[in-house]
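The values are calculated or read from the model by the stated rules, or taken from the named source; none is laboratory data. The shown structure was predicted, so the numbers you read here are calculated from the model rather than taken from an experiment. Note: ideal-geometry Cβ built from the backbone for every residue, glycine included; neighbour counts use all protein chains shown. These area figures cover heavy atoms from the full protein model, side chains too; ligands, DNA and RNA do not enter into them. Shrake-Rupley method; radii C 1.70, N 1.55, O 1.52, S 1.80 Å.
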Amino acid sequence: IYRNGFKKILFLNGHGGNTDMLGMFTRGMLQENPNVMLFRCGTSGGEKAHDVYANIAADYTIDYLTEEDREALRDFVAKKKQGGHGCLMETAWLYHYAPETVRIDRIADESGLSVHRFDEFSKHKISTHFAWMGDYPNSYTASNDYVINERIARAITEYYENLLVDKLTFLKNETISD
């Protein structure tokens, strides 16, 4: 990308497991080409999902949400339902962009909650990538009793799209890294 004249490149990390690798990659690329500024951020924009859902539920300028939709989001927040890999946020994005890939009727089929196999390791501040697979044998980490529909998916996706637009606008206009 930088060979085509881009001076600032933002990597949007959509998977928490890539954080360390992305940091090493951007540092390595800076050594290879110091004339390009590489930036990285997560898809959440640093906002906690529960805060996002509460904000969406309270935002009546999102006129396509029904009161039932807002209540479903409030319920998610009030009950402190778990987010993570395969959660409401990730399901919303997929459902918004590629609805044919999401089987809403099967969301509750398997648990996304930890089976706590590696809790003792965490207590001793020892980590391994195998812990995630051992604790979450169904390969996702999320409550599976939430409501999702086209309207909720659209609202969540548009919220995060707006966060990304804010970041891109900032990077386009900032001059500190020039």
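Below is a table of values for the structure above.
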read-out	value
Any hit, the range 42-62, residues being touching a strand residue (DSSP E or B) at 6+ places or on another chain (Cβ under 9 Å), surrounded by 11 or more Cβ atoms within 10 Å (Cβ to Cβ), of a type outside the set (F, W, Y) and under 17 Å from W93 (Cα atoms)	yes
Residues located in the range 22-61, provided they are under 26 Å from I156 (Cβ atoms) and in a helix (DSSP H, G or I)	L22, A49, H50, D51, V52, Y53, A54, N55, I56, A57, A58
Residues of the range 130-151 classified as farther than 19 Å from A92 by Cβ and either in a loop (DSSP other than H, G, I, E, B) or among the aliphatic types (A, V, I, L, M) (or both), total	5
Selection from the range 120-144 of residues that are without any contact (Cβ under 8 Å) to a residue 12 or more places away in the chain, surrounded by 12 or more Cβ atoms within 10 Å (Cβ to Cβ) and among the hydroxyl-bearing types (S, T, Y)	S122
Output for the range 1-42, where each listed residue is aromatic (F, W, Y) and within 18 Å of V165 (Cα to Cα)	F6, F11, F39
Meets criteria (assigned to a helix (DSSP H, G or I), closer than 30 Å to W132 by Cα, β-branched (V, I, T) and over 17 Å from the mean Cα position of the chain (by Cα)) for T19	no
Residues of the range 92-107 satisfying the condition of being surrounded by fewer than 13 Cβ atoms within 10 Å (Cβ to Cβ) and over 19 Å from S143 (Cα atoms)	Y97, A98, P99, E100, T101
Options E110, E68, E32; residue that is open to solvent by 80 Å² or more (accessible area, probe 1.4 Å), of a type in the set (D, E) and at pLDDT 95 or above	E68
